[in-house]
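Report on the following structure.
What follows is calculated from the coordinates using simple rules that are stated; it is not laboratory data. Predicted model only: the values in this text are computed from it and were never measured. With ideal geometry, Cβ positions are generated from the backbone for all residues, glycine too; neighbour counts draw on all protein chains shown.
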Amino acid sequence: MGPRKGAARKRRHEDGALGDESEAQKTGEKKVGEERGGMRRRISGSNKYIGAHVGIQGGIWKTVETSVEMGGTSFALFLGSQRSWKRPALDQKAAEKFQEQCSLYGFDPAHILPHGSYLMNCGSPKDDVFEKSQALLVDELSHCSLLGLSLYNFHPGSSLGTITTEQCVDKIAGAINHAHQQTPAVVTGTEQENKPKRKRCSTKESI
């Protein structure tokens, strides 16, 4: 075989190898796309949705990425700092990016549950605390609306032992109704804590 024919055959062999590599790359890309699509289908079609309470550090849209990294199919989040009554307005671009991330990874808004600030006490007998709590509740439900979320969970409040249970419940109901008048699309859920009474024991008994 002459040197020219040998070189030509070698080039054809290399071209064929490159073609096989390109095809393999396309197949790999297709497989990755199918896996991502499958993840969205599993999130949408599953009967159970499991997730964690994730932080909002770095941007509220980061909650979606964190949940994905954990393998969650739902998640909870705070809507702002737990140390301040007053918060900056939610940036529109941040809200849009959050919704884009939810759509990209297949998170249904019905499977995302914001948790209310622990500062609130909508049943407080103290007028200043009640007013601040009611205003913060409105603010948080407004944040939910901007994020495209329809659910919200919070601890409604306490009488602090200075007003009756009925009076406390009336104040909580009034605060919720006031907030719903301004953000009717968001459903509020109240989180209750029923602590069992501790048994009193004599010196001969053990707990």
Name the long-range amide H neighbours of His155: under 5 Å, sequence gap of 5 or more, or other chain; modelled H, no Pro or chain starts. Gly116, Glu191
Residues meeting the amide H criterion for Leu113 (H placed from the backbone, H to H distance under 5 Å, 5 or more places apart or on another chain) are Phe75, Ala76, Leu77
Loop-resident trypsin sites (Lys or Arg not before Pro) in the range 74-131 with no more than 11 other Cβ atoms inside 10 Å, DSSP not H/G/I/E/B, are Arg83, Lys86
Loop-located chymotrypsin sites (Phe, Trp or Tyr not before Pro) in the range 92-125 whose Cβ has at most 16 other Cβ within 10 Å (DSSP): Tyr118
In order through the range 155-171: 3J(HN,Hα) via Karplus (6.51 cos²θ - 1.76 cosθ + 1.60), integer Hz, x for Gly, Pro: 7, x, x, 9, 7, 6, x, 10, 10, 6, 4, 4, 5, 5, 4, 4, 5
Using 0.36 nm per residue, how much length does the chain from Glu191 to Ala52 gain when fully extended, once their Cα-Cα distance is taken away? 48.4 nm
Take the alpha carbon gyration tensor of the range 67-174, find the square roots of its eigenvalues, order them as a ≥ b ≥ c, and report rounded if a/c is under 1.5; if not, report prolate when a/b exceeds b/c, else oblate. prolate
